[in-house]
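Taking it in order: structure first as structure tokens, then the write-up.
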Amino acid sequence: MSEVMKSGVYFKSEEHSKDAKKIINRMGFRYLEENVEYGVYAYLVSATGKGSVFCECIDPVGNINFSRWEEYMRDYATTEIALIEFGFQLYNGNTGGYAFAKTIYGMDRENLKVIRSALNLYLGWDTY
């Protein structure tokens, strides 16, 4: 996992770690921390197990085709959508009108750990 992260972050599974690495590399970065907005989004998307599908929405220079990605998301579970939407809010830097309670409502323990770890990465809490 050191290839994905310079610091410790919680991964739900080996697949989560591998998907995060695949996504962040496709975006043109080596570590999640190199660009915290892209890194957090990659981390949260990979937690859903949809990393391979998401990579299809990233062009060769690392830009995300959000219109295409939204088409895939139509059939995703509520928890998966909540993780992805939360990641988008952090990626976009615009949380206006976003209800954090909506994200965590009904989340299982594993996904709550993912949310906490994403906030640690985004806010740099692990660096203090």
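Look at the alpha carbon pairs under 8 Å that are at least 6 residues apart: their mean separation over the length of the stretch 14-127 gives a relative contact order of 27 percent.
Rounded, prolate or oblate: pick one for the stretch 1-79, where a ≥ b ≥ c are the square roots of the eigenvalues of its C-alpha gyration tensor, a/c under 1.5 means rounded, and failing that, prolate if a/b is larger than b/c, else oblate. Oblate. Other residues whose C-beta falls under 13 angstrom from the C-beta of SER46 contribute a net charge of +2, scoring Lys and Arg +1 and Asp and Glu -1. Footprinting exposure proxy ranking of LEU123, LEU83, LEU44, fewest other C-beta atoms within 10 angstrom first, gives LEU123, LEU83, LEU44. Taking every alpha-carbon pair within the stretch 57-96, the share separated by more than 14 Å comes to 56 percent. In the chain, taking the dipole from charged Cβ atoms about the Cα centre, the farthest positive-side position among CYS57, GLY39, ASN120 is held by ASN120.
The charge dipole of the stretch 14-127, taken about the Cα centre with unit charges on the Cβ atoms of Lys, Arg (+1) and Asp, Glu (-1), comes to about 120 debye, rounded to the nearest 20. A simple spin-label model places pseudo-atoms 7 Å from Cα toward Cβ; at PHE66 and SER13 they are separated by 2.9 nm. The Cβ shell under 14 Å around ARG109 holds other residues with a net charge of +1, Lys and Arg each +1, Asp and Glu each -1.
Between the amide H of VAL9 and any residue lying 5 or more places away or on another chain, no distance stays under 5 Å, with hydrogens modeled in the peptide plane. Legend: calculated FRET efficiency, ARG116 to GLU85, from the Cβ-Cβ distance at R0 = 22 Å, rounded to 0.05, equals 0.85.
Evaluated at q = 0.10, 0.13, 0.16, 0.18 Å⁻¹, a Debye calculation over the C-alpha positions of the stretch 14-127 (equal weights, vacuum) places log10 I(q)/I(0) at -0.25, -0.44, -0.68, -0.88. Qualifying GluC sites (Glu not before Pro) in the stretch 1-89, where qualification requires a DSSP coil assignment and no more than 15 other C-beta atoms within 10 Å, comprise GLU3, GLU56.
Between the beta carbons of ASP75 and VAL36, assuming R0 = 22 Å, the FRET efficiency works out to 0.15 to the nearest 0.05. Straight-line reach from LYS50: taking Cα to Cα under 17 Å and skipping same-chain neighbours fewer than 8 places apart, the aspartates and glutamates in range are GLU14, GLU15, ASP19, ASP59, GLU70, GLU71, ASP75, GLU80, GLU85, GLU110.
Neighbours of PHE100, meaning other residues whose beta-carbon lies under 15 angstrom from its beta-carbon, give a summed charge of +1 when Lys and Arg score +1 and Asp and Glu score -1.
We did not get these values from a lab; they are worked out from the coordinates using the rules stated. The structure presented is a predicted model; accordingly, all values stated were derived computationally and were not measured. We place every Cβ from the backbone using ideal geometry, glycine too, and count neighbours over all the protein chains shown.
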